[in-house]
Amino acid sequence: MTLKQLELFLAITDQRSFSRGAEVVSLVQSTASQHIRCLEDELGSRLFDRSKKGVYLTEAGRLFEQHARRICTACDDARLAMRRFAGAEEAIVRVGASTIPAACLIPDLLGPFSASWPGVRLELVQGDTREVLRLLQADAVELALVGGRYEAEQVVFESIASEEILLVSRPGLLPQRLENSHELLELPMILREPGSGTRQVVDAALVQAGITLSALRVVAQLGSSEAVRRAVLSGAGCGFVSSLAVERELAAGVLQTVSVPGLTIRQQFYLATRRGKTISPAAAAFITTLRKQQASHQHHG
């Protein structure tokens with residue numbers, strides 16, 4: 001049984017004529033008759049009765065018509081869905097993002113992306129870098145924007161943006177400049193959880209500065225930059241946070257930076273994709289918009 005046979009069967013049914021039905025599906029009548037004989041042989045039932053007034057369905061033909069129409073409708077729907085997919089119309093792109101990309105990069109991207117691709121809906125899943133990369137490897141998201149990278153054969157990383165990680169505190173709680181990096185060991189520290197990209201970058205920078213991580217006076221480990229920001233605002237201690245996450249607080253004077261000699265921390269953000277996986281047109285459109293936006297930021301910066 002082939003789709004062509006089903007389409008021919010329905011065309012003959014609608015036209016009540018073998019010749020006209022054959023024309024509808026672009027077949028000659030002899031070929032159409034052969035297709036129907038093969039179909040009837042496979043089903044073990046006669047589908048049409050012929051008379052001088054035309055061609056009519058048998059009882060078996062009427063039963064088969066219901067199923068044939070459902071199958072052909074489903075095939076039409078599949079063709080339409082694939083055309084929309086190819087044209088990035090009425091498509092969904094699932095993106096995983098760690099805290100800072102989810103809060104700062106993606107919202108800024110949505111305006112130009114929606115304007116260029118109004119038929120595409122973005123579905124965002126947020127977690128720390130490790131969680132998001134696990135979702136990518138499990139095919140739960142198609143793309144990931146993360147603040148760190150881990151060795152993974154299945155994942156390709158592309159550096160897409162960068163920003164500075166600042167040590168911040170409430171004004172007056174701590175000096176604005178430390179004498180040396182080892183004074184960090186005396187400060188009440190609020191850190192991100194170990195799975196976050198920010199924590200990965202901060203730990204590496206502290207080790208390079210000669211700081212023993214286990215000697216830090218950690219008062220809390222929290223699951224997002226927003227949580228760290230709020231804890232610092234409450235006066236619980238100081239914390240390393242993205243400059244993007246505290247722009248407004250620094251401008252308003254409700255937070256201050258704490259300068260540490262010899263310690264400058266920059267965090268890279270990465271676009272992560274599955275190696276060897278074909279990207280959907282909707283996802284490709286998202287990546288194109290992201291690259292354009294970051295190129296524009298770098299140009300103006």
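Okay, here's what the table says:
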| quantity | calculated |
| --- | --- |
| Those residues of the range 215-253 which are assigned to a loop (DSSP other than H, G, I, E, B) and exposed (fewer than 13 other Cβ atoms within 10 Å of the Cβ), in sequence order | Ser234, Gly235, Gly253 |
| Residue satisfying all of: in the range 1-43; touching a residue at least 40 places away in the same chain (Cβ under 8 Å) and of a type in the set (D, E, K, R); surrounded by the fewest Cβ atoms within 10 Å (Cβ to Cβ) among these | Glu42 |
| Residues (of a type in the set (Gly, Ala, Ser), part of a strand (DSSP E or B) and touching a helix residue (DSSP H, G or I) at 6+ places or on another chain (Cβ under 8 Å)) located in the range 35-60 | none |
| Hits in the range 254-289 - residues which are β-branched (Val, Ile, Thr), under 22 Å from Leu244 (Cα atoms) and not in a helix (DSSP H, G or I) | Val254, Thr257, Val258, Val260, Thr264, Ile265 |
| Filtered residues of the range 196-214 (kept if surrounded by fewer than 19 Cβ atoms within 10 Å (Cβ to Cβ), of a type in the set (Ser, Thr, Tyr) and not in a loop (DSSP other than H, G, I, E, B)) | Ser214 |
| Answer from Val241, Val246, Val254 - the residue that is at pLDDT 90 or above and more than 30 Å from Arg94 (Cα to Cα) | Val254 |
| Residue in the range 274-290 that is surrounded by 20 or more Cβ atoms within 10 Å (Cβ to Cβ) and under 19 Å from Arg199 (Cα atoms) present | no |
| Scan of the range 1-34 for residues that are within 20 Å of Ile71 (Cβ to Cβ) and part of a loop (DSSP other than H, G, I, E, B), ordered by number | Met1, Thr2, Val25, Ser26, Leu27 |
| Within the range 170-199, considering residues that are over 36 Å from the mean Cα position of the chain (by Cα) and of a type in the set (A, V, I, L, M), the one nearest to Val254 (Cα to Cα) | Leu173 |
| Members of the range 278-294 that are farther than 15 Å from Pro112 by Cα and free of Cβ contacts under 8 Å to residues at least 60 places away in the same chain | Thr278 |
| Some residue of the range 67-89 being among the acidic types (Asp, Glu), in a helix (DSSP H, G or I), surrounded by fewer than 17 Cβ atoms within 10 Å (Cβ to Cβ) and over 18 Å from the mean Cα position of the chain (by Cα) | yes |
| Identity of the residue in the range 149-169, within 22 Å of the chain's Cα centre (by Cα) and of a type in the set (S, T, N, Q), that ends up nearest to Asn180 (Cα to Cα) | Ser162 |
| Strands (runs of 3 or more DSSP E) contained entirely in the range 110-187, each with at least 1 residues that are surrounded by fewer than 16 Cβ atoms within 10 Å (Cβ to Cβ) and in contact (Cβ under 8 Å) with a residue 12 or more places away in the chain | 120-126, 155-169 |
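The rows are residues; the columns are (1) aromatic (Phe, Trp, Tyr); (2) over 29 Å from Phe157 (Cα atoms); (3) under 26 Å from the mean Cα position of the chain (by Cα); (4) not assigned by TED's automatic domain parsing to the domain that holds Ala102.
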{"residue": "Gly237", "(1), (2), (3), (4)": "no, yes, no, yes"}
{"residue": "Ala245", "(1), (2), (3), (4)": "no, no, yes, yes"}
{"residue": "Ala251", "(1), (2), (3), (4)": "no, yes, no, yes"}
{"residue": "Val260", "(1), (2), (3), (4)": "no, yes, no, yes"}
{"residue": "Thr289", "(1), (2), (3), (4)": "no, no, yes, no"}
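The values are calculated or read from the model by the stated rules, or taken from the named source; none is laboratory data. This one's a predicted model, so the numbers in the text were calculated from it and none came from an experiment. Don't worry about glycine lacking a Cβ; one is built from the backbone with ideal geometry, like all the others, and counts go over all protein chains shown.
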